[in-house]
Amino acid sequence: MKYFLILFVVAILFSGCSETQEAEWTILIYMAADNGLNNAALSDINEMENSIFSDNINIIVQIDNNQYNQYPGAVRYHVYPDTSDEITSKIISLMGEIDSGDYNTLTSFANWGFNKYPSEKKALVIWSHGNGWYDYYNRFCPDHESGSSIDIPDGDLRNALERMNSKLDIMILDACFMQTIEVLTEAYRYANYIISSEDVVPTDGFPYDIVFTAWEDYLSSEILASELVGFYLDSYLPGGSQNSSVYYIPVTCSAVKTSRFPTLLNDLSDFTVNWTYVANSDYFTQARNNCLEFNDLASDIDIKEFFYELTQQDIPEELDELSCNILENIEDVFIAHGFIDYMSESIGTAILWYPENQDIYNNLLNEYQQLEFSNTGWQIFLENTFR
């Protein structure tokens, strides 16, 4: 009798020691908010709590607060649905001061989170300031305490993603100007879908209450990635969840299917190989001048708009054929894209460096040559535009 009683007790003990059950999704949100965005980050965490989702989704936040917060330093939360106006989610750990501008911190969080919360599919949101590939002024994930940031020309983003133990199904860059051809070239190998904006992201960012409520109801990651673009754009329409006014707020958003991205890179390489020698031709200059300009330096243009404007010029037949092919590839790569309240019908995909000012080109050339995208020879095409 004692023998059977011991077996029963052992069975009970082992049944309580099973590993965490695998969820369908684990979504990690890396909030580099040790800067002027701390209050906005806290508001977004509360917005996440206002969503409705099941145990099939793990939502894990790591926020690096500034020194004036109730919890100075970094905090990890397991987000649970809640309708209050305060953050009520479970605190996993109070980490103290960290450097959220160090790419190793991002990698460490991702590997910890995906290991601790196993799931079939994985998503990562990087939330902070951004400025495309530029490493000045509003840099990507700046940490005011340490003075550091994720330096994209230095390979920080690529290194962070490459050292993660899991490939991402979806990555969202909730930061300004991050949907650039240059940034995508650094990141496309490490996520199946990448969602971001080529322009300013308002302080309210993505509508996380809507996003996470809808997250598990889609049949595929591709459908979900496309719908996330729509959620973002709709939320900034007059009366939308992120826009209580009657006025339009200019926003853009797009989703990239990264498996198709290499084809676009190959065509851009063909473009530079075959047309760099006449880069200062009037038809290139006119197409460039007809495009909207983005970022602090007004030195980036929408890649779709540029090649569309190029086809409107009197150009050689071979160039027209290649430009049309690139436009077709853009539509194939960007499975969802759109914009609200811009004076153009051809934007909303990703921006590409195309400075009109030679001083800007000269000042940033060394950094640009460190980018993976420089392997296309685009910077050589740019150099020839000034001749």
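The values are calculated or read from the model by the stated rules, or taken from the named source; none is laboratory data. Remember, predicted model here, so these are calculated numbers, not experimental data. A quick note on method: Cβ atoms are made from the backbone with ideal geometry, for glycine too, and the neighbour counts reach across all protein chains shown.
For the structure I just gave you, tell me whether residue 117 is of a type in the set (Phe, Trp, Tyr) and either under 15 Å from residue 30 (Cβ atoms) or free of Cβ contacts under 8 Å to residues at least 24 places away in the same chain (or both). So residue 117 passes the test. Residues in segment 66-94 that are loosely packed, with under 14 Cβ neighbours inside 10 Å and assigned to a strand (DSSP E or B): 90, 91, 93, 94.
Test of understanding: among 177, 114, which residue is assigned to a loop (DSSP other than H, G, I, E, B) and under 26 Å from residue 225 (Cα atoms)?
Checking each option against the conditions leaves just 177.
Of the residues making up segment 269-312, those that are touching a strand residue (DSSP E or B) at 6+ places or on another chain (Cβ under 9 Å) and among the β-branched types (Val, Ile, Thr) are 301, 303.
I'm checking my understanding of the structure. Among residues of segment 132-142 that are buried (at least 20 other Cβ atoms within 10 Å of the Cβ) and closer than 16 Å to residue 100 by Cβ, which one is modelled with the lowest pLDDT? In this case the residue turns out to be 138. Against the numbered list (1) in the same structural domain as residue 360 (by TED's automatic domain parsing); (2) without any contact (Cβ under 8 Å) to a residue 60 or more places away in the chain; (3) surrounded by 17 or more Cβ atoms within 10 Å (Cβ to Cβ), residue 298 comes up short only at (3). Hey, any hits in segment 274-284 for a residue that's at pLDDT 95 or above and under 25 Å from residue 174 (Cα atoms)? Taking every residue of segment 274-284 in turn, none turns out to be at pLDDT 95 or above and under 25 Å from residue 174 (Cα atoms).
So which helices (runs of 4 or more DSSP H) are wholly in segment 299-371 and hold at least 1 residues that are under 25 Å from the mean Cα position of the chain (by Cα), among the charged types (D, E, K, R) and under 30 Å from residue 243 (Cβ atoms)? Give the steps one after another, and end with the answer.
Numbers: elements: 303-311, 317-333, 358-368.
By residue number, 303-311, 317-333.
Against the test of being crowded, with 23+ Cβ neighbours inside 10 Å, at pLDDT 95 or above and outside any loop (DSSP other than H, G, I, E, B), the options 223, 210, 152, 195 yield a single qualifying residue, 195.
Counting only residues that are part of a loop (DSSP other than H, G, I, E, B) and surrounded by 13 or more Cβ atoms within 10 Å (Cβ to Cβ), segment 239-276 holds 7 of them.
Scanning segment 301-347 for residues that are closer than 24 Å to residue 276 by Cα, in contact (Cβ under 8 Å) with a residue 60 or more places away in the chain and surrounded by fewer than 14 Cβ atoms within 10 Å (Cβ to Cβ) yields nothing.
Would you mind finding the one in 97, 47, 145, 120 that is touching a Gly at 6+ places or on another chain (Cβ under 8 Å) and surrounded by fewer than 21 Cβ atoms within 10 Å (Cβ to Cβ)? If you could, list the steps in order and put the result at the bottom.
On the way: 47 fails: touching a Gly at 6+ places or on another chain (Cβ under 8 Å); 145 fails: touching a Gly at 6+ places or on another chain (Cβ under 8 Å); 120 fails: touching a Gly at 6+ places or on another chain (Cβ under 8 Å).
Unique residue meeting the criteria: 97.
Tally the residues that are touching a Pro at 6+ places or on another chain (Cβ under 8 Å), of a type outside the set (S, T, N, Q) and not in a loop (DSSP other than H, G, I, E, B), restricting the search to segment 41-65.
Initially, segment 41-65 is screened for residues touching a Pro at 6+ places or on another chain (Cβ under 8 Å), giving 47, 49-53, 65.
Narrowing further to those that are of a type outside the set (S, T, N, Q): 47, 49, 52-53.
From what is left, the residues that are not in a loop (DSSP other than H, G, I, E, B) are 47, 49.
Here the count works out to 2.
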